[in-house]
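Heads up: the structure comes next, in C-alpha cells.
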Amino acid sequence: MRKILTTMIILAGGLIFMSFAVVPENNSMNKSQKANLVIPNGVHSVIMQHCFMCHNMKSRGVKSKEKLNFDLLTHMELPTIVAKLQNISDAVNNDKMPPKKFLEHHPEKALNAYDKSLLTKWAVASADSLLRNK
Amino acid sequence: MKIRINKKTIIKLVGVLVALFLLIQLIPNKRPAVTMDNPSDLIQNTKMPPQVARMIQTSCYDCHSMETKYPWYDKMAPATWLVYRDIRVGRRKLNFSDWTKLSTAEKLKALNHIGEEVGSGDMPFLPYAIIHKKARLNKEQRKIIVDWTKQYSKDLFYAN
C-alpha cells in the first residue's frame with residue numbers, strides 16, 4: 001500500500017514538474033506587442049485561420065516565413081511593417097494568397113469576400129496610420 | 001535502315017536547322033514597347049547615390065523599366081520567347097519608369113522586395129545575368145543596393 005502511494009506521489013510530482021518544464025508553445029501571435037500595430041480580434045482570427053499556419057516562426061516553408069512572419073511582424077522596423085502591410089493588401093486583393101496550389105488540398109482555407117475586405121481594410125488603414133503618426 | 005553520316009547528310013541537317021530557325025522567326029511575338037521619355041522615372045526623380053543609380057540601370061532596367069535595350073540576339077527567336085515574357089512580367093511586377101506614381105506604402109513595399117531579391121541573389125534573373133555579364137552584381141554591390149533600400153525607406157517613412 002505504501003509503495004503504491006509513494007509511486008503515486010512521485011508520479012504526481014513528476015507530472016507537476018513536467019508541466020513547468022514544458023516551455024509554452026510560441027505559436028500564439030501577440031495581438032499588439034507594440035501600440036504601433038494594433039490587430040483587432042476579427043482580423044486576428046482571420047489571420048490565425050487562413051495565414052498563420054505558413055507564416056510563423058516554426059513553419060516548414062522557408063520562403064513563406066522569410067517573406068512574412070506574423071511572429072515577428074510587430075517587432076520589425078516601422079518602414080518594413082508598412083511594406084509588409086501593403087504586400088498583404090496586394091496579395092489578398094489579387095487573390096495571390098492563400099496560394100491556389102495550397103487551396104486545392106485545403107479548400108476550407110480560402111478567404112471569403114468578408115474576410116478579404118476585413119484583412120485588406122485593416123492592412124491599408126494600419127499602414128496609413130503608421131505613416132501619419134510617427 | 002542504316003544512317004550513313006557523310007557530307008551530304010550533314011549539309012541536309014544544317015539546311016533543315018537553318019530553315020527551322022527562319023521559320024520560328026515567323027511565329028508572332030510582339031516585342032514589348034520602349035519609351036525613353038519617362039517623367040515618373042525613379043532615377044530622374046530621386047536623389048540617390050550615382051553608383052546605385054548606375055547599378056540599377058545596368059542590372060534591372062532591361063526588365064523593370066520602359067527603357068529596355070535589346071541586343072541583336074534578343075530580337076530573334078528562340079531568345080525572344082524567354083526574354084519578352086520576362087520583360088512583360090518584370091514590368092508588371094515592378095516598373096521603375098512609373099516610380100513616382102506609387103504611393104509611399106507601395107514604394108516601401110517595392111524597396112523591401114528589392115532588398116530581399118538583391119540581397120538573396122535572386123535578381124537580376126539568372127539566365128539573363130549569365131548572358132549579360134555587365135548586369136551581374138557581386139557581394140559588395142549587392143550590399144550597397146540593400147543598404148540604399150533601407151536608407152531610402154527610412155527617408156520616405158520619416159519625410160514630412
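The values are calculated or read from the model by the stated rules, or taken from the named source; none is laboratory data. These numbers were taken from a predicted model, which means no experiment stands behind them. Cβ sites come from the backbone with ideal geometry, for glycine too, and all protein chains shown count toward neighbours. Areas reflect the complete protein model, heavy atoms only, side chains present, ligands, DNA and RNA absent. Shrake-Rupley method; radii C 1.70, N 1.55, O 1.52, S 1.80 Å.
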Inset, instruction - Note the buried accessible area between A and B here, summed over both chains, with a 1.4 Å probe, in Å² to the nearest 100. - result: 1300
Inset, instruction - Compute the normalised compactness of the stretch A:25-132: alpha-carbon radius of gyration over 2.2 N^0.38 Å, N being the residue count. - result: 1.01
Legend entry - Whole-Å distance, taken between Cα centres, linking the stretch A:91-129 and the stretch B:41-116: 28
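Starting from the residue with the highest accessible area, list B:Arg92, A:Arg60 in decreasing order, probe 1.4 Å.
A:Arg60, B:Arg92
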Inset, instruction - Please name which of B:Leu20, B:Thr100, B:Val146 has its Cα lying farthest along the dipole of the protein assembly as shown towards the positive end, using unit charges on Cβ (Lys, Arg +1; Asp, Glu -1) and the Cα centre as origin. - result: B:Leu20
Legend entry - Pairwise label distance in nanometres, B:Met36 with A:Asn133, each label 7 Å out on the Cα-Cβ vector: 5.0
Inset, instruction - Keeping all protein chains in place, calculate the accessible area per residue for chain B (probe 1.4 angstrom), answer in Å². - result: 67
Legend entry - Those residues of the stretch B:131-160 for which accessible area with every protein chain present is at least 50 Å² below the isolated value (1.4 Å probe): B:Phe157
Legend entry - Tilt relative to chain B, helix B:50-64 - C-alpha long axis, 0 to 90 degrees, to 10: 50
Legend entry - Nearest 10 degrees, 0 to 90: helix B:79-93 Cα axis against chain B principal axis: 20
Legend entry - Shielding of B:102-114 by partner chains, average beta-carbon count, 10 Å: 6
Legend entry - Residues of the stretch A:25-132: accessible area per residue with a 1.4 Å probe, Å²: 57
Legend entry - Helix B:7-24 axis, angle to chain B major axis (alpha carbon atoms, nearest 10°): 40
Inset, instruction - Leaving ligands, DNA and RNA out of it, work out the accessible area of A:Asp128 with a 1.4 Å probe and give it in Å² to the nearest 10. - result: 80
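Using a 1.4 Å probe over the heavy atoms of the protein chains, calculate the carbon and sulfur portion of the accessible area of the stretch B:30-159 as a whole percent.
Of all accessible area on the stretch B:30-159, carbon and sulfur atoms account for 58 percent.
Report, in cubic angstrom per residue, the convex hull volume of the C-alpha atoms of the stretch B:30-159.
For the stretch B:30-159, the hull spanned by Cα atoms encloses 102 Å³ per residue.
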